[in-house]
Amino acid sequence: MSKQWLREHKKDHFYKEAKRTGHRSRASFKLMQINKRFKLFKKGNRVVDLGAAPGGWSQVAKELVGEKGTVVAVDLVRIEPIEGVIFIQGDMTAKTTREKVLEEMDVADIVISDMSPKLSGNYSMDQARSAYLVEHALDFAIMVLRPGGNFVTKIFEGEDFPDLLKEIRDRFNNVKVFSPEASRKSSSEVYIVARGFKGRRKDDIEDELDTPDEEAPKDAPEDWV
Ligand SMILES: C[S@@+](CC[C@H](N)C(=O)[O-])C[C@H]1O[C@@H](n2cnc3c(N)ncnc32)[C@H](O)[C@@H]1O
């Protein structure tokens, strides 16, 4: 992180707002803006938050679902505890982590994923890694969502985007691509907001039984996240 990046970051409107309102990250505002536009959350909902650190989205999700709602948050790195949020440290591309999440919540109303790879600076590689995380988030959403449930995922625009969007359209009744105002102007991230899960198919269950417990693809670089 360069000094210039830190200086710019601190001048940032959403960074200041996050500090002022006691939210953990500027990313909190992205989820608030997504929910303002699409009305995804209801009191009492069961939510899984993938790539949750430092906890901004989990905080917002917990506020939105209220005391009766449940939030399970997952990340490679630890987060400071959030009242009412269950945290699991682990890699969502690993079967062992998915199983731990399912032990805490076997049916969810909403799956949200803000997972991002560590950026390498090589755009096509970063885009491919982002797409790989989206594939895993989607597979997990298919495993855990109730029919009618909602799914939100971050994705970097690029080569894999059209195919993933098509895959998501195939599984949900209403799918939109949204760019929250709180995303940085320079960023190529967008969010896919998918409502109305069509339900699991017979081949999903067969795929699940076949899934090997691998942490990353065979050709993954060493610093893969
Ligand atoms: C942009 S941050 C999320 C910010 C968060 N939504 C918030 O509001 O505070 C992306 C996160 O994705 C996590 N991540 C990346 N790959 C992951 C994986 N395979 N499993 C779980 N988390 C992952 C990273 O550790 C990082 O904390």
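Within this structure, Pro147 fails the test of being closer than 19 Å to Val47 by Cβ and at pLDDT below 95. Checking Val77, Val60 one by one, the residue that is in contact (Cβ under 8 Å) with a residue 24 or more places away in the chain and either of a type in the set (Lys, Arg) or crowded, with 18+ Cβ neighbours inside 10 Å (or both) is Val60 and no other. State yes or no: is Ala53 part of a loop (DSSP other than H, G, I, E, B), among the hydrophobic types (A, V, I, L, M, F, W, C) and within 12 Å of the ligand (Cβ to nearest atom)? In short, yes.
Of the residues Asp106, Asp160, which is more than 23 Å from Gly56 (Cβ to Cβ) and touching a Phe, Trp or Tyr at 6+ places or on another chain (Cβ under 9 Å)? Lay out the reasoning, then the answer.
Working: Asp106 fails: touching a Phe, Trp or Tyr at 6+ places or on another chain (Cβ under 9 Å).
After ruling out the rest, the residue left standing is Asp160.
Within the range 151-206, the residues that satisfy the criterion of being surrounded by fewer than 17 Cβ atoms within 10 Å (Cβ to Cβ), assigned to a strand (DSSP E or B) and among the charged types (D, E, K, R) are Lys176, Glu189. Please determine, by comparing only the residues of the range 47-77 that are among the small types (Gly, Ala, Ser) and touching a helix residue (DSSP H, G or I) at 6+ places or on another chain (Cβ under 8 Å), which one is farthest from Asn150 (Cα to Cα). That would be Gly56.
Of all residues in the range 123-161, those satisfying the criterion of being farther than 16 Å from Asp91 by Cβ and among the small types (Gly, Ala, Ser) are Ser124, Ala128, Ala131, Ala141, Gly148, Gly149, Gly158.
The values are calculated or read from the model by the stated rules, or taken from the named source; none is laboratory data. Worth saying up front: this structure is predicted, and the values here are computed from it rather than measured. Cβ coordinates were reconstructed from backbone atoms using ideal geometry, including for glycine residues, and neighbour counts include every protein chain displayed.
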